[in-house]
Amino acid sequence: MRLASLVAVFFALFILSGCSTKSEKAIYNKPALYWYEQIVKSIKDADLEKADDMYTSLSSEHVASPLLPEAMLILAQAHVEEEEYLLANFYLDEYIKRFGNEEKSEYARFMKIKANFDSFPSPNRNQQLMLDTITQIKDFIRKYPNSKYRAMVETMLVKVRLGNYYLNQNIASLYHRIDKPEAAKVYEEKLATSTLKDAKMIEPDVPWYRSIFE
């Protein structure tokens, strides 16, 4: 009797395991529209990790789907809104690499610049990213002189350059405080050769990384 009970239990577990396997397999080989709708739903549910997973399925199962470019852009925007700028840039870089003709690249490149710009108020600022963003903005203006985004990127350029100037001032001051005059001299030379050195600037009352970019 006990043996029969054990057999029944194992049989039931086998059936449940089979159902589970079928259920897991059911999430594969879906139409592109299914994955796209799941991405949108996950973003609305504020579950970006799931949205990223859904994108992985879409891109692996439907490599030539016309829904891929739009999915990349909405995921990039969603990550920007959550201040996840590295992930936003991942999607924008992929978009530019795979679908970036001149017209389509304009918006993606603007979004990439804006994503970088929006990340600067964070205290763990990255000066190299600032310098890279300055280069990106100059390249954008050169490539798209008549862009509808030009006024915005030019404003960003001024603010990023100001932020970089203030950061150089702070770094030079820090090196003086810790008695490293040679290191301080490097940054003082950058300040001396900057086109902003003669500008009449009002020192911010709050940390530069907040005042410049707010």
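Just a few scattered comments:
- So residue 89, is it of a type outside the set (A, V, I, L, M, F, W, C), in contact (Cβ under 8 Å) with a residue 12 or more places away in the chain, outside the structural domain of residue 38 (by TED's automatic domain parsing) and surrounded by 18 or more Cβ atoms within 10 Å (Cβ to Cβ): no
- Scanning the range 27-49 for residues that are in contact (Cβ under 8 Å) with a residue 12 or more places away in the chain and assigned to a helix (DSSP H, G or I) returns 32, 33, 35, 36, 38, 39, 40, 42, 43, 48.
- Residue tally, condition among the hydroxyl-bearing types (Ser, Thr, Tyr) and over 17 Å from the mean Cα position of the chain (by Cα), over the range 99-150: 4
- Some residue of the range 103-111 being within 30 Å of residue 56 (Cα to Cα), without any contact (Cβ under 8 Å) to a residue 12 or more places away in the chain and among the acidic types (Asp, Glu): yes
- Residue within the range 20-38 that is at pLDDT 95 or above, within 18 Å of the chain's Cα centre (by Cα), more than 25 Å from residue 149 (Cβ to Cβ) and surrounded by fewer than 18 Cβ atoms within 10 Å (Cβ to Cβ) present: no
The values are calculated or read from the model by the stated rules, or taken from the named source; none is laboratory data. Predicted model only: the values in this text are computed from it and were never measured. No Cβ is skipped: glycine too gets one built from the backbone with ideal geometry, and neighbour counts run over all protein chains shown.
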